[in-house]
Amino acid sequence: MRIISLISLSAAILGVSVLSGCNIVTPVAYAIEGPGQVDAEYTLPNKKTVVFVDDPRNILPRTALRTTLGDAVSIDLMQRDHLDSTVASRDAVMVARSGTKGESSKLMSVEAIGRALDCAQVIHIQPMVFDLAGRSDDRGIRPTAMVRVKVLDLENKMRSYPMAEIMPDGREITAVIREKDASALRTRAGRTQVEDELVRKIALEVAQLFYQHERVDLGENLGTRRQ
């Protein structure tokens, strides 16, 4: 009976996928196999840390998004007990600005910013892409962001993650949020809402580099098919 049941289940899955399209396969596989876990890529030493969002090219459309991104990463890591002490990201932005005042050609180093805040560790985030229009298809637009991440150990004067020999520019992280109707970007309030949502998603992707997490967020990956 068990063999017959498994065969019947397989046939049912195949039949549904043929009738409804390949999107149905993902939730069925998810339900049978479970999401699985992704291990942390790097275990952060638990010492005073600042998350500094370094955006000299103004990739992020609003300055406030820098502190939103940095603080979201800090709060996530503290709530999960990976860090006990962090410094507000706005303090890092203020130190960076004060260090370049009157000397616009001399940028303050990330290491100097961390030391000025009495931190032993810096999570350095550099935005590279922040595209609200993102990829467009029959489902709508998919706002997309990409950043590069490094962890600097100020006590030992070295980059601790990722290895410079393997990823000299840092660990690239890309975040894509659920489909949005183009009309959402036509008003200031609508754009602000999408910007905030995209920043929160990239913050989660960055924080998850440092702790074990679920492999698949079913709701976000399936999306919605437009009729």
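The values are calculated or read from the model by the stated rules, or taken from the named source; none is laboratory data. These numbers come from a predicted model, not from an experiment. For neighbour counting, all protein chains shown are included, and Cβ atoms are generated from backbone atoms with ideal geometry for every residue, glycine included. Accessible surface is based on the protein model in full, side chains and every heavy atom, while ligands, DNA and RNA are left aside. Shrake-Rupley method; radii C 1.70, N 1.55, O 1.52, S 1.80 Å.
Couple of notes before you dig in:
- Placing pseudo-labels 7 Å out from each Cα toward the beta carbon at A184 and M167 gives an inter-label distance of 2.7 nm.
- Estimated inter-spin distance, T174 and Q212, nm [label 7 Å along Cα→Cβ]: 2.8
- Pairwise label distance in nanometres, A133 with A64, each label 7 Å out on the Cα-Cβ vector: 2.5
- For M167, the shell of other residues with beta-carbons less than 13 Å away shows a net charge of 0, using +1 for Lys and Arg and -1 for Asp and Glu.
- Fraction of accessible area attributable to carbon and sulfur, region 165-214 (%, probe 1.4 Å): 46
- Subtracting the Cα-Cα distance of R191 and M158 from 0.36 nm times their residue separation leaves 8.0 nm of extension gain.
- Using the average count of surrounding beta-carbon atoms within 10 Å as a protection proxy, the listed peptides 196-206, 163-173 rank, highest first, as 196-206, 163-173.
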